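**Q** Encoded as structure tokens, here's the structure I'll be asking about.
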Amino acid sequence: MAYRIDNAIVKKDRNGKVTLIDPENVFKDEDAFIAIKSDDLITIQLLINGILSNDFKSWRELGKVPENEPLKSLFVRLGYSKEDIANLLKEF
């Protein structure tokens with residue numbers, strides 16, 4: 001079971017004007033948005049899918065994760081290889 005976070009692109013021009021690029025019109029009736037970097041969004045989606053499928057190899061071994069450590073590093077610390085992550089991405 002794959003979980004997908006609805007998303008669109010928020011683009012800012014040189015003058016600071018923000019434009020919502022939403023080809024699927026998912027956000028047509030929304031008044032407020034949150035911007036997240038695309039690689040962080042993919043990481044969040046992978047984490048949610050890992051939790052939903054109970055697929056994480058060893059949460060207990062992580063211990064306390066430093067606040068300044070990037071979220072993306074969790075996959076390496078959990079023992080995932082590049083191939084494992086590629087297989088998770090195929091679910092999207």
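The values are calculated or read from the model by the stated rules, or taken from the named source; none is laboratory data. What you are looking at is a predicted structure, and each value in this text was computed from that prediction instead of being measured. All Cβ positions, even for glycine, are placed from backbone atoms using ideal geometry, and neighbour counts span all protein chains on display. Note: accessible area is taken over every heavy atom of the protein model, side chains too, but ligands, DNA and RNA are not part of it. Shrake-Rupley method; radii C 1.70, N 1.55, O 1.52, S 1.80 Å.
**Q** What tally of residues in region 11-37 results from selecting those that are outside any loop (DSSP other than H, G, I, E, B) and surrounded by 10 or more Cβ atoms within 10 Å (Cβ to Cβ)?
**A** 5
**Q** Another question, if that's okay. List every residue pair whose Cβ atoms lie under 8 Å apart, where the two residues are 6 or more positions apart in sequence or sit on different chains, the first residue falls within region 41-69 and is closer than 19 Å to residue 87 by Cα, and the second residue, located anywhere, is open to solvent by 50 Å² or more (accessible area, probe 1.4 Å) and modelled with pLDDT of 75 or more.
**A** 41/7; 44/36
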